[in-house]
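Since the structure comes first, as structure tokens, the remarks are kept for the end.
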Amino acid sequence: AYSAPLDVDTQLKVLNSRVLGERIYNESKLAGDPDFRKETDPVGVLMSKLSFINARGTNVVLIHADDGDPLRAAAIANAYANGYIQYDIDMRNRAARDSSGWMREQLDEVKEKLKEAEIELNNYIQKNKIVLTTDYKNVLQEKSESLQQKKSELDIQLSEAFKRYKDKHPVTVSLKTRIEEVNAKLEQEIVDMLELNTKMVNYNILKNEVDSNQNLYEALLEASKETGIAEKNQISAIQLLDIAQPDDVPFKPKKKQSIIMAILIALFGGIGTAIFLEYFDSSIRTAEDISNYINLPFLGYIPTCGKDVRTDGEKASICFQKPTSAIAESFRALRTSIIFSSPEDKPLKSILVTSSIPVEGKSFISLNLAIIFSQMNEKVIFIDGDMRRPKLHKNMNLDNKEGLSTYLIGSVGLDAIIKSSPVPGLSVITSGPIPPNPSELLSSTKIGALVRELSSKYERIIIDAPPGFSVADTLLLANIVDGVVLVIKGGSTRLELVLTVKKKIIETKTRIIGTVINNIHPEKDDKYYYYHYSSEKK
């Protein structure tokens, strides 16, 4: 550790500088250490082992060296402390040498100026015959006053003479002559005084130049002596307070403490992560989520198809392709829930199937729901009402030149768009060519008339509608059906999206029959799916 009566922040930056690290490494025994010599960047390795900490409220800095060898750790700390003190001394001596050299140059320059100024002053004195006396002004003043006194006396005498004599009298003439002589002397004295003043002004200027150079020379001479003394003194502002000693016990790792901390971190980290994920996971997973957060009837779970199907077409009609599969059994349970949701006085003949957003499986649910109803010997018709992303014609390999869109624009009649399907008892209406604006077609009264006419011919109408979150098509279709089934992708669809779509459908005054949770993984969600499945079988 060391104490520095300097700016500690500045010293910490110097301590952490690579320039200092290279100097200490090269000038200490560390440069001969085999462990350092084998490194590609030994200076970087050395500096990585060091840390410098300012003791709060003091100018004391602690040097901490971290190394696997306690002797080398102490050696590194001591080498850095001593090396930094020597670095500070060298920097101060260098500054003193630079200052001393500058002082000598300035002394020589000022000495030369002083010499030139003295020579110029002396030449001026010789040339102008200046006699340096402290009372020269008083002498001139006394001489002028004497002449003035003499002139006054002569003026009085002349005045008396005018009273006695004529203007031409010799006495009067003599007095006038003497007065003129005195006046001439007075004028000459004034001229002499002005000339002398001018000379003394120039003299003082030259004298001040000499004095200024003399004072500057003496000041530089004194400073040069002090700098010379500082240059010879090997003194640092940094003092070593304590020498580093090797530790008997390793500083780290503290095994027992590390094991305890690891256990605590793992325990509380796991609990915290679980709570965090549970708290911020707003996706719908279970029937309890439907009941607690959405407040809608729960109709059933549909498991993921997984390896049961090989193609999209096989998946789309799995209840027909594999009627004995677990998925088909789940759709039978869903059919039962819908039947029990139908009041006796108002059966659910027309059912709209939708979801909040795409890829939740609403087309898969709607088509298999139509198939499972047809297997009850009901006469069922399925309408692909998603005129933005239609799938029915692809899944069943049907022609889509004529369909719902061409019927709504009046190009064809109803009989032209009703197509038979491979499923007994199931007729279908494809979407037809995708129109520029499906919402305009669905807002006409013709769609309502279509559903009413089909209701007189079929026992069940299932409509696959677009997702309800972003388009108005679903709400237009919801106005003409008996009920809506809302599909939710398990563990994926966010609660806020479902609540938004629910609110939109309720505003149309259409009944929401309930919700279906799709894409459940039985091996992961068995406590939900199998419980529901066994309840339906009972």
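The values are calculated or read from the model by the stated rules, or taken from the named source; none is laboratory data. Just so it is clear, the structure is predicted and the values come from calculations on it, not from any experiment. Every residue, glycine among them, receives a Cβ derived from its backbone with ideal geometry; neighbour counts consider all protein chains shown. Remember, those area values only see protein heavy atoms, side chains included, never the ligands or the DNA or RNA. Shrake-Rupley method; radii C 1.70, N 1.55, O 1.52, S 1.80 Å.
For E120 and I434 in the same chain, what is the full-extension length gain: residue separation times 0.36 nm, less their Cα-Cα distance, in nm?
On the way: separation 314, 0.36 × 314 = 113.04 nm, distance 10.90 nm.
Between E120 and I434, full extension yields an extra 102.1 nm.
Once neighbouring chains are kept in place and the probe is 1.4 Å, which whole percent of the accessible area of the range 144-191 is contributed by carbon and sulfur?
Details: 1820 of 3570 Å².
C and S atoms contribute 51 percent here.
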Label-point separation (nm) for L414 and E142, each offset 7 Å from Cα along Cα-to-Cβ?
14.9 nm
Diffusion constant of the range 348-487 at 37 °C, which comes from Stokes-Einstein with the Kirkwood Cα-pair radius and 0.692 mPa s, µm²/s
225 µm²/s
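Using 0.36 nm per residue of separation minus the Cα-Cα distance, give me the extension gain between D155 and E112 in nm, one decimal.
Working: separation 43, 0.36 × 43 = 15.48 nm, distance 5.92 nm.
The D155-E112 span can extend by a further 9.6 nm.
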Anisotropy class of the range 448-524 from Cα gyration tensor, a/c 1.5 cut
oblate
Heavy-atom surface of the range 433-500, accessible at 1.4 Å and reported per residue (Å²)
40 Å²
Compute the accessible area per residue over the range 353-424, keeping the other protein chains in place, probe 1.4 Å, unit Å².
40 Å²
Considering the zone a paramagnetic label at S342 would reach in this model (a point 7 Å from Cα along the Cα-to-Cβ line), which residues of the range 363-382 have amide N under 19 Å from it?
365-382
On the accessible surface of the range 381-480, probed at 1.4 Å with all protein chains in place, carbon and sulfur together account for a percent value of 52 percent
May I ask which residue of P438, I357, T311 lies farthest towards the positive end of the charge dipole of the range 298-453, with charges of +1 (Lys, Arg) and -1 (Asp, Glu) on Cβ and the Cα centre as origin?
T311
What is the range 301-460's relative contact order, in percent, from Cα pairs under 8 angstrom and six or more apart in sequence?
23 percent
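Using only the C-alpha atoms of the range 292-380, find the volume of their convex hull and express it per residue in Å³.
For the range 292-380, the hull spanned by Cα atoms encloses 122 Å³ per residue.
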Entries in K307/K394; K150/K185; K391/K457; K346/K391 that, when Cα-Cα distance is taken, lie over 19 Å:
K307/K394; K391/K457; K346/K391
